[in-house]
Amino acid sequence: MDCENCHQRPATLHLTNYINGEKTEIHVCQHCAIEKGYIEGDDETYTIHDLLSGLFNFNTPMAKKPEPQTSSQQELTCPHCNMSYLQFAKTGKFGCSHCYQTFKDHLNPLFRRIHSGNTEHIGKIPKRQYVHLQKKRQIQDYREQLKQLIAQEAFEEAAKLRDKIKALEQASELNRDEEGE
Amino acid sequence: MIMSLQSFIEKAISPWMQEDGPDHDIVLSTRIRLARNFTDVPFPIMADEDSLKIVSNWIQDHFNQKTFAEGKKLEYISMRDLQALEKRALVEKHLISPYLIEREKESGVLLTNDEQVSVMINEEDHIRLQLYFPGLQLERGLEEAFKFDDWLEEKIDYAFDEKRGYLTSCPTNVGTGLRASVMMHLPALTLTQKMNKMVPAINQLGLVVRGLYGEGSEAVGNIYQISNQVTLGRSESDIIDDLHGVVNQMIERERYARKLLVEQSELRLEDRIYRSYGTLKYSRIIESKEAAKCLSDLRLGIDVGYLTHLSKSILNELMVLTQPAFLQQYAQQSLTAKQRDIKRAAIIRERLGLEE
Ligand SMILES: [Zn+2]
Ligand SMILES: [Zn+2]
């Protein structure tokens, strides 16, 4: 398939745009995608338009004017880095870690769109800073395993795992009241 | 000049690339990238010079000249200390991104002497750590990246949120901050027009395929980079598993397509490969695109067994050496496009001559 913009290079990028809820496919080469502003140079793989259309409902990929917004959105500014909501929507970048809190009411739809419907992290946790959270997750994981072991009637292993969970819970003094259920 | 800087810039092939990795007939390399930020320092996009200095000073104080593991001593290089051409050379080796050198602020890179680890400082995020492996090594890559990340975290308070995970400047990286990429040589799938059909299907799985090298980053030289797009709501190992699954399928299809090519058009394929060999061996002027195409043919020729006396490491070296900044580095002077094409041909002739 050739790039639908330059018709010279092969289309290596196949982007999906949602315009007013309608799905459109765009097939372009990397070069044209960057030129047209669908994607950023080098490492970024999302489409800027995808991002912005979620925030502003742009009508066409090339439209410049956002639709009217509520004044509260426009005034929303991060107290830590001074990034305004408008600036965030324009650049598609957060200004600091506190922006996530500042703009929190607008983020779920955006994250869902970028991350296949996901809004919450389930991966790695900083080892040194979040010891407590790690234990919590570990206990959750063990509980899941325990359920499976019981379902499989692997009672000996289940008992071992239960002891492990107990020890962890005592160590972190978490969820003590749920013990021994 | 910093002593080790010389080798970072002058040697076209990174030490870690010297050995063949798993599935090296198709996979050139694996890269694991994690995006991280300092808590309570604005991200580079909103940070002033002083804030960025807090980050770069902290990094230098805690990690410059420190040893992470055996043979992994880190060296900090400030972008300020590099000439334009030297920066380009680091980009051509994929040790830093073009974006890092576009930023004229306080930015730099921590490199290990084997060039396997590269930590970009004050790029789009405060920290972008990248680890490289020859061949297909996603699981090992993730494991080592985690180790390195833990080691950094002993000295850095990361911006992290229980709900959103690692907080990054771009919403496309939030959560794990992980971008795992596999660089693949897919000449048979490209030649038989199969890539066009496969790419949309791969995209549907939340993975991205991009061409690599060449001016507009089209798939010059039949080299593609496949990476994950989703970073939030999936664990790192699940992300890696998905990518691995797709890459394995592509490897199988490429191998099958190569087998068919050899069986069905043996003489034509052999002819094509030897013509490319002839072009590289004897041409006096060669553009980067033609060079990349011929090098791809040579690589295929080695992998299907037509060319037995050539080593692939020389091809890896030539892929980087024939890029504009490296050519000029090699020539010790700046060159026009036309002069580069002449120099490129000369270097290729010389390198292939060494292999005879
Ligand atoms: Zn195009
Ligand atoms: Zn902010």
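The values are calculated or read from the model by the stated rules, or taken from the named source; none is laboratory data. These numbers were taken from a predicted model, which means no experiment stands behind them. Backbone-built Cβ (ideal geometry, glycine too); neighbour counts: all protein chains shown. Surface accessibility is based on the protein's heavy atoms, side chains included, excluding ligands, DNA and RNA. Shrake-Rupley method; radii C 1.70, N 1.55, O 1.52, S 1.80 Å.
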(request) Could you check, for segment B:70-89, whether at least one of its residues is over 19 Å from the mean Cα position of the chain (by Cα), within 14 Å of another protein chain (Cβ to nearest Cβ), within 25 Å of A:Gly95 (Cβ to Cβ) and open to solvent by 30 Å² or more (accessible area, probe 1.4 Å)? (result) no
(request) Give the number of residues within segment A:1-22 that are modelled with pLDDT under 70 and either surrounded by fewer than 18 Cβ atoms within 10 Å (Cβ to Cβ) or within 16 Å of ligand 2 (Cβ to nearest atom) (or both). (result) 7
(message) Any residue that is without any contact (Cβ under 8 Å) to a residue 60 or more places away in the chain and in contact with a Phe, Trp or Tyr (Cβ under 6 Å, 6 or more places away or on another chain) - is there at least one of those in segment B:56-64?
(response) yes
(request) State all residues of segment A:81-97 that are aliphatic (A, V, I, L, M) and open to solvent by less than 10 Å² (accessible area, probe 1.4 Å); if no residue qualifies, say none. (result) A:Met83, A:Ala89
(request) Mind checking which helices (runs of 4 or more DSSP H) fall wholly inside segment A:23-126 and carry at least 1 residues that are at pLDDT 50 or above, within 16 Å of ligand 1 (Cβ to nearest atom) and facing another protein chain (nearest Cβ under 8 Å)? (result) A:30-35
(message) Within segment B:138-178, take every residue that is within 7 Å of chain A (Cβ to nearest Cβ) and of a type in the set (Lys, Arg) and give me the one that is least open to solvent (accessible area, probe 1.4 Å).
(response) B:Arg164
(message) If B:Ile59 satisfies all but one of (1) open to solvent by 10 Å² or more (accessible area, probe 1.4 Å); (2) out of contact with any Ser or Thr (no Cβ under 7 Å at 6 or more places or on another chain), what's the number of the condition it fails?
(response) (1)
(request) Tell me which residues, restricted to segment B:90-115, are within 13 Å of the chain's Cα centre (by Cα) and either more than 22 Å from B:Trp58 (Cα to Cα) or open to solvent by 40 Å² or more (accessible area, probe 1.4 Å) (or both). (result) B:Leu90, B:Val91, B:Glu92, B:Lys93, B:His94, B:Pro98
(request) Just give me the residues in segment B:32-46 being within 15 Å of ligand 2 (Cβ to nearest atom) and in contact (Cβ under 8 Å) with a residue 24 or more places away in the chain, in sequence order. (result) B:Asn37, B:Phe38, B:Thr39, B:Asp40, B:Val41, B:Phe43, B:Pro44, B:Ile45
(message) Looking only at segment B:283-311, filter to residues that are free of Cβ contacts under 8 Å to residues at least 60 places away in the same chain and aliphatic (A, V, I, L, M); which one of those is farthest from B:Val262 (Cα to Cα)?
(response) B:Ala291
(message) For segment B:34-150, give me every one of the helices (runs of 4 or more DSSP H) that falls completely inside it and has 2 or more residues that are touching a helix residue (DSSP H, G or I) at 6+ places or on another chain (Cβ under 6 Å) and at pLDDT below 95.
(response) B:84-92, B:98-102
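Here is a yes/no grid of residues against (1) within 28 Å of B:Leu269 (Cβ to Cβ); (2) open to solvent by less than 20 Å² (accessible area, probe 1.4 Å):
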site: B:Leu298; (1), (2): yes, yes
site: B:Ile302; (1), (2): yes, no
site: B:Ser311; (1), (2): yes, no
site: B:Tyr330; (1), (2): no, no
site: B:Thr336; (1), (2): no, no
site: B:Gln339; (1), (2): no, no
site: B:Lys343; (1), (2): no, no
(message) Can you tell me which condition B:Ile45 does not meet? The list is (1) under 21 Å from B:Arg80 (Cβ atoms); (2) open to solvent by less than 30 Å² (accessible area, probe 1.4 Å); (3) hydrophobic (A, V, I, L, M, F, W, C), and all the others hold.
(response) (2)
(request) Please work out which one of (1) among the aromatic types (Phe, Trp, Tyr); (2) assigned to a strand (DSSP E or B); (3) touching a residue at least 60 places away in the same chain (Cβ under 8 Å) is the condition B:Trp16 fails and give its number. (result) (2)
(message) Is it the case, given these coordinates, that B:Tyr256 is over 29 Å from A:Ser116 (Cα atoms), surrounded by fewer than 18 Cβ atoms within 10 Å (Cβ to Cβ) and touching a residue at least 12 places away in the same chain (Cβ under 8 Å)?
(response) no
